[in-house]
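Notes for the one structure printed next.
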Number of protein chains: 2
Amino acid sequence: MPKRVDHAERRTEIAEALLRVAGHRGLHAVRMRDVAAEAGVSLRLVQYYFETKEKLLLYGLEHLTERFGERVAARLRAAGDAPGPRAVIEAILLASLPTDEASRTFHLVHTSYAVLAVTDEALAAQPFIRSPEAAENHLTELLRQAQEADLTHPGVDPRQDAIALLALSAGLGTSILVGHRTPESAVAVLERQLDGIFAA
Amino acid sequence: MPKRVDHAERRTEIAEALLRVAGHRGLHAVRMRDVAAEAGVSLRLVQYYFETKEKLLLYGLEHLTERFGERVAARLRAAGDAPGPRAVIEAILLASLPTDEASRTFHLVHTSYAVLAVTDEALAAQPFIRSPEAAENHLTELLRQAQEADLTHPGVDPRQDAIALLALSAGLGTSILVGHRTPESAVAVLERQLDGIFAA
DNA sequence: TGGTTCGTGATACGACCGTACCATCAACTT
DNA sequence: AAGTTGATGGTACGGTCGTATCACGAACCA
């Protein structure tokens, strides 16, 4: 046999090629041949490491959410040690706004997957579909802690406000994506919403 | 010639068939043949009234936004004569939440178009892409009037709060669509946000 | 009344895309 | 050394989809 190859690594390379293509041509326009060309391998190789296109797409989605998790973690580290609840919440919400190329790709491809998932049950069954629930629980807990530490204005409802924050940042992200809004103004809106929750 | 036919009417029928198909199979899965079958006409007819698929899609988008406008108008009428600013804002925001089949289709197809528009300049140039700006201006003006009439809490910023309301309802709409949230809980979140703006 | 034109159907064409198949070469084993 | 097996390339097949072509019938005009 030729040089034994690390399948996991190869699959990652191909998945990232998929995300690059999806990021600037749109997920709907992704062809197996495009992915192969972008990854610099032959079409046969893409077939070899992912038998079918559907499996490639599912793996690409996994990889996408994984990299998003890493980006959130990086922002949390950048927030210093023992960051306050507001700093943690900002890290999470700002990571999901399409401010740079990577997060733009994430948001576009994630939205594409979400749209597909509405009518595709194989996609709808994927775990990424339930990760928002985890984020909601996490944010709710953070707000509850902030409330107990008396860092919030009166009248805060951790669960309801967590839901609103997530929906708001998702909506803002989409409007950045389609060019209705600049990242800066979206951040300002988000900060304003946080000001309504956290006391100075 | 055979019985002279009303082109506009026929185009509308076909466009509605398009929206029905897009509404439950997804816009990406819409084929010319599906639209023809759904409309109960031959493939040739769809070609006849819309030369190309792209033109059909563009017209479908026009029709979609038009019908959305009618739905908002209907809600406004249902709000009674001389409704207050909050009632008007509620009419606008609640109309865009996917609460029934029609609004669900609207939200799904509209989102599909938005995703396509990110990478398709012909779609991006369509007027629907600037209608959110009009909505933002409208909401801003309503909030400003409410503020002058002393109906709001202090600290309201009409422009910023209008942006937040629109992004929030868009985000909530998407989470209803993908099944993360019930329409009822989304409405509750939206009402809560309005409570933070309008005085009792 | 005859011809022109609008509306409609059936079908064919050409392109593209995912997948399958076949061949080849290199390295590790025995 | 020989054979087996993993990795890779090239290419062909089958299906599908948008679009084009051909044909025909029915109404309106002159």
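The values are calculated or read from the model by the stated rules, or taken from the named source; none is laboratory data. Keep in mind that what you see is a predicted model, and the values were worked out from it rather than measured. Please note: Cβ atoms are built from the backbone with ideal geometry, for glycine as well, and neighbour counts cover all protein chains shown. Accessible surface areas use protein heavy atoms only, side chains included; no ligands, DNA or RNA. Shrake-Rupley method; radii C 1.70, N 1.55, O 1.52, S 1.80 Å.
For this structure, a couple of remarks:
- If you filter region B:38-66 down to residues that are of a type in the set (Phe, Trp, Tyr) and farther than 26 Å from B:ARG104 by Cβ, you find that the one that is nearest to DNA strand D (Cβ to nearest atom) is B:TYR48.
- Check on B:LEU94, of a type in the set (A, V, I, L, M), open to solvent by 40 Å² or more (accessible area, probe 1.4 Å) and part of a helix (DSSP H, G or I): no
- The residue list B:LEU94, B:LEU18, B:LEU64, B:LEU45 contains one member that is within 13 Å of DNA strand C (Cβ to nearest atom) and more than 14 Å from chain A (Cβ to nearest Cβ), which is B:LEU45.
- Residue in region A:67-88 that is among the aromatic types (Phe, Trp, Tyr) and within 16 Å of DNA strand D (Cβ to nearest atom) present: no
- Region A:43-57 residues that are within 12 Å of A:ARG31 (Cα to Cα), paired with ones that are within 15 Å of DNA strand D (Cβ to nearest atom) and charged (D, E, K, R) (beta carbon under 6 Å, 6 or more apart): A:LEU43/A:ARG33
- Tally of residues being without any contact (Cβ under 8 Å) to a residue 24 or more places away in the chain and more than 7 Å from chain B (Cβ to nearest Cβ) across region A:102-126: 4
- Some residue of region B:43-54 being surrounded by fewer than 18 Cβ atoms within 10 Å (Cβ to Cβ), touching a Lys or Arg at 6+ places or on another chain (Cβ under 7 Å) and farther than 22 Å from B:ALA135 by Cβ: yes
- For region B:149-184, the set of residues classified as farther than 16 Å from A:GLY171 by Cβ and facing another protein chain (nearest Cβ under 8 Å) consists of B:ASP157, B:GLY179, listed by residue number.
- Every condition in (1) open to solvent by 50 Å² or more (accessible area, probe 1.4 Å); (2) under 26 Å from B:THR182 (Cβ atoms); (3) of a type outside the set (Asp, Glu); (4) not in a helix (DSSP H, G or I) is met by B:ARG75 except one, and the failing one is (4).
- Filter result for the condition that a residue is more than 10 Å from the chain's Cα centre (by Cα), open to solvent by less than 40 Å² (accessible area, probe 1.4 Å), over 27 Å from B:VAL156 (Cα atoms) and in contact (Cβ under 8 Å) with a residue 24 or more places away in the chain, over B:GLY60, B:GLY84: B:GLY60
- The residues on offer are A:VAL21, A:VAL5, A:VAL35, and the sole one that is open to solvent by less than 80 Å² (accessible area, probe 1.4 Å), within 15 Å of DNA strand D (Cβ to nearest atom), in contact (Cβ under 8 Å) with a residue 12 or more places away in the chain and hydrophobic (A, V, I, L, M, F, W, C) is A:VAL35.
- Among (1) within 16 Å of DNA strand D (Cβ to nearest atom); (2) away from chain B (no Cβ under 14 Å); (3) open to solvent by less than 50 Å² (accessible area, probe 1.4 Å); (4) part of a helix (DSSP H, G or I), the one test that A:ARG11 misses: (3)
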